[in-house]
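Report on one structure; see the data block that follows.
We did not get these values from a lab; they are worked out from the coordinates using the rules stated. Quantities reported herein were computed from a predicted structural model and do not represent experimental measurements. Positions of Cβ are backbone-derived with ideal geometry, glycine not excepted, and every protein chain shown enters the neighbour counts.
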Amino acid sequence: MDHLLLTGYPGCGKTTVVCRVAELLSTLQPVGFYTREMRDGGTRLGFTLTTLDGAECIMARKGLKSKYRVGKYGVDVGAVDRVAADVRSKLASSPALVIIDEIGKMECFSKEFRSLVLEVLDSSAFLLATVAARGNKFIEYIKSLPKVRVIEVSTKNRDDLPQKLAAEIRAGIQTERTR
């Protein structure tokens, strides 16, 4: 079964889709994290990372002094490292499903994160991730791997995708377990 990478333009619903799939497949005890915008009214201030077990940290924000920047946001690579290390430690328990939202420019500043993505792809775990529509060499490499399938999320398909993806993932994991 191919790993699934969801792509699409900002605001199309990628994070909502992966969070809903995580809920639908909660009995599989998925591990991973999702990214959320930090907002004050209509102004975006930055981004947080939240693990599926509820731990949260600030990944990037306006005014953060960092040599790593994306637009007006300073990126806390140490925070990304810690979340990636946390997910990596959970791989030892052989989870069936790993969810990563997102394989994006900010996250890819972290060597620990890039290593985690490659490790998950080489493990027995199934990966459901979101990925930037356009990205650096690492992002383009991951999207080009033969063992991944890239699915574009749009306003037309985002409401039906969680159920479809959850069913596909559940069937694929059960097939793998019976081999």
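Rounded to a whole number, what is D in µm²/s for the stretch 114-179 from Stokes-Einstein with the Kirkwood radius over alpha-carbon pairs (4 °C, 1.567 mPa s)? The partial results should precede the final answer.
Details: Rh = 13.6 Å.
The estimated diffusion coefficient comes to 95 µm²/s.
Near the amide H of Y68, within less than 5 Å, lie the amide hydrogens of V75, all on another chain or at least 5 residues away, with H placed in the peptide plane. Taking Lys and Arg as +1 and Asp and Glu as -1, the other residues whose beta-carbon sits under 15 Å from that of K65 total +4. Charges were assigned to the Cβ only: +1 to each Lys and Arg, -1 to each Asp and Glu. The resulting dipole of the stretch 1-98 about its Cα centre is roughly 520 debye. Using the Cβ of E112 as centre and a radius below 12 Å, the other residues enclosed give a net charge of 0, where K and R count +1 and D and E count -1. Assuming charge only on the beta carbon of Lys and Arg (+1) and of Asp and Glu (-1), the dipole of the chain about its Cα centre is about 560 debye to the nearest 20.
In the chain, Cα pairs under 8 Å separated by at least six residues give a relative contact order of 32 percent.
Sequence-ordered 3J(HN,Hα) estimates for the stretch 111-121 from the Karplus curve with 6.51, -1.76 and 1.60 and θ = phi - 60° stand at 5, 4, 5, 4, 5, 4, 4, 5, 5, 4, 4 Hz, glycine and proline given as x. The H on the amide N of L6, modeled in the peptide plane, is under 5 Å from the matching H of A129, T130, V131, I151, each at least 5 residues off or on a different chain. Close amide H pairs (under 5 Å, H built 1.01 Å from N) link A60 with F47, D76, residues at least 5 positions away or on another chain.
Computed from phi, the 3J(HN,Hα) profile of the stretch 154-168 under the Karplus parametrisation 6.51, -1.76, 1.60 (θ = phi - 60°) reads 9, 5, 7, 10, 5, 6, 8, 4, x, 5, 5, 5, 4, 5, 5 Hz, with x in place of Gly and Pro.
May I ask you to order 98-107, 26-35 by the average number of other C-beta atoms within 10 Å around their residues, highest value first?
Sorting 98-107, 26-35 by mean packing, highest first, produces 98-107, 26-35.
Going toward the positive end of the dipole of the stretch 105-158, with +1 on Lys and Arg Cβ and -1 on Asp and Glu Cβ, which of V153, S115, Y141 do you reach last? Working it through, the farthest residue towards the positive pole turns out to be V153. The alpha carbon convex hull volume per residue for the chain rounds to 115 Å³.
Here the mean projected area of the convex hull built on the C-alpha positions of the stretch 66-133 is 4.6 nm².
Mean sequence separation of contacting Cα pairs (under 8 Å, at least six apart), scaled by the length of the stretch 1-48, corresponds to a relative contact order of 22 percent. Straight-line reach from K14: taking Cα to Cα under 18 Å and skipping same-chain neighbours fewer than 8 places apart, the lysines in range are K105, K143, K156, K164. GNM remark for the chain: springs join alpha carbons under 10 Å apart, and the peak mean-square fluctuation among V18, V75, V148 falls on V148.
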